Each structure stands twice: as C-alpha cells, then as structure tokens.
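Asker: Just passing along the structure, written as structure tokens.
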Amino acid sequence: MGKKIFILRHGKSDWSTPDIPDIDRPLKPRGIRDAYKMAKLLKQKKEQVDLIISSPATRAIHTAIIFSRILQIPEKNILIEYKLYMADSVAIKEYCHKISDEYNGVMIVGHNPGFTTFANKFTPNEINNIPTSGIVILDFDCNSWKDIDQGVLTNHFFDYPKKHRLLK
C-alpha cells in the first residue's frame with residue numbers, strides 16, 4: 001500500500017489584533033476561502049486521508065477542520081499535537097516516524113519554516129516556500145512510517161491557492 005503524507009501549511013492568518021499570542025491568531029477570511037479551495041481540489045483528486053494531525057495553533061486547527069469537513073474525516077481521526085507547533089524539520093520527521101502504521105494517508109497541518117524544510121528533505125526539486133494553504137503530498141514505497149525517506153519516495157505533488165487564482 002505505501003505511506004502518503006500530506007504536508008499542509010495553515011491558511012492565511014489574521015494579524016489585525018497584534019496583542020493576542022501567536023498561537024491564538026485566527027484565519028483571515030482569505031485564509032478560510034483558500035483552505036476550502038485546496039480541500040476541494042484534494043477531494044477532486046480523490047486523495048485518501050485517514051488521519052489529520054494539527055498543530056495546536058488556532059489557525060492550524062481551523063484549517064484542519066475545513067479539510068476534515070470537505071474530505072469527510074471522522075472527528076476521532078483528527079488529532080492536535082503540541083509538538084507540531086513551530087516544529088523544525090528534524091522534530092517533524094521524528095514525529096512522523098512514530099505515526100501508527102495502521103494509517104496510510106496522514107495529513108499534518110502546521111507552520112513554516114519547518115514544513116518547507118521538512119518537505120525539501122524528500123522532494124527532488126527544492127520548494128522555496130510552502131505558502132499559506134499550500135500542500136505538498138509525498139508518496140513513499142514503504143509499509144512503516146519509520147521507513148519514510150528520500151530513497152523510498154515514489155511521487156510528489158505541490159500545489160497552492162495562487163496557482164488557481166489565474167484560472168477563474
């Protein structure tokens with residue numbers, strides 16, 4: 001079957017209230033729209049997500065919930081993981097290695113710069129930046145999350161909302 005990871009950066013956040021803590025910053029209306037757009041695109045691609053793991057930041061959780069609705073992920077398959085809040089690529093990879101092998105398609109929702117650096121550990125072409133609501137999908141030819149590595153990458157996909165603004 002293989003393992004597939006969906007690296008999803010949270011939607012565009014709202015900075016209009018600078019006195020609230022970073023972790024509590026909500027999505028802007030554009031962030032909500034872009035998250036819906038990308039979730040619908042994933043649904044059209046008929047991608048199978050078994051589990052969503054989100055950073056505890058409000059903007060990440062909101063993005064995860066939008067994707068869970070569109071992709072019809074049951075509530076019990078949505079986790080909040082404090083280790084993903086502003087994690088670096090090493091911590092993200094270590095976390096992914098511990099995901100239960102019962103899941104084949106796992107979406108992680110979080111933040112840059114860690115997410116872009118993490119994606120670049122696997123992709124043959126460097127991604128300069130995963131923009132807000134951007135998604136990188138990595139397919140691995142392995143049966144265990146502990147075995148995900150560049151050497152077993154079979155396919156990758158990168159998309160983001162601005163690519164589709166020109167197509168309206």
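Asker: Under 20 Å from a label point 7 Å along Cα→Cβ of residue 117: give me every residue in the stretch 61-90 with its amide N that close.
Answerer: 81-90
Asker: For the chain, would you read off the P(r) tail past 21 Å as a percentage of all alpha carbon pairs?
Answerer: 42 percent
Asker: As a footprinting exposure proxy, order 163, 4 by other Cβ within 10 Å, with the fewest listed first.
Answerer: Lowest count first: 163, 4.
Asker: Let me ask you something else. Could you tally the net charge around residue 118, taking each other residue with its Cβ under 9 Å from the Cβ of residue 118, Lys/Arg +1 and Asp/Glu -1?
Answerer: Neighbour charge sum, excluding residue 118 itself: +1.
Asker: Taking the number of other C-beta atoms within 10 Å as the exposure measure, put 62, 10 in order starting with the fewest.
Answerer: Final ranking by Cβ density, sparse to dense: 62, 10.
Asker: Moving on. Between residue 130 and residues 5 or more places away or on another chain, which pairs have amide H atoms under 5 Å apart, with H built 1.01 Å from N, and which residues are they?
Answerer: 116
Asker: With runs of 4+ DSSP H residues as the only contributors, calculate the mean residue ellipticity of the chain at 222 nm using -39,500 (n - 2.57) per run, divided by the residue total and rounded to the nearest 500.
Answerer: -9000 deg cm²/dmol
Asker: Once you've got the Cα coordinates, tell me which of 3/28; 28/83; 4/163; 76/163; 121/163; 28/163 are over 27 Å apart.
Answerer: 3/28; 76/163
Every read-out reported here was derived from the displayed coordinates using simple, explicitly stated rules and does not represent laboratory data. The structure displayed is predicted, hence computed values, not measured ones. Please note: Cβ atoms are built from the backbone with ideal geometry, for glycine as well, and neighbour counts cover all protein chains shown.
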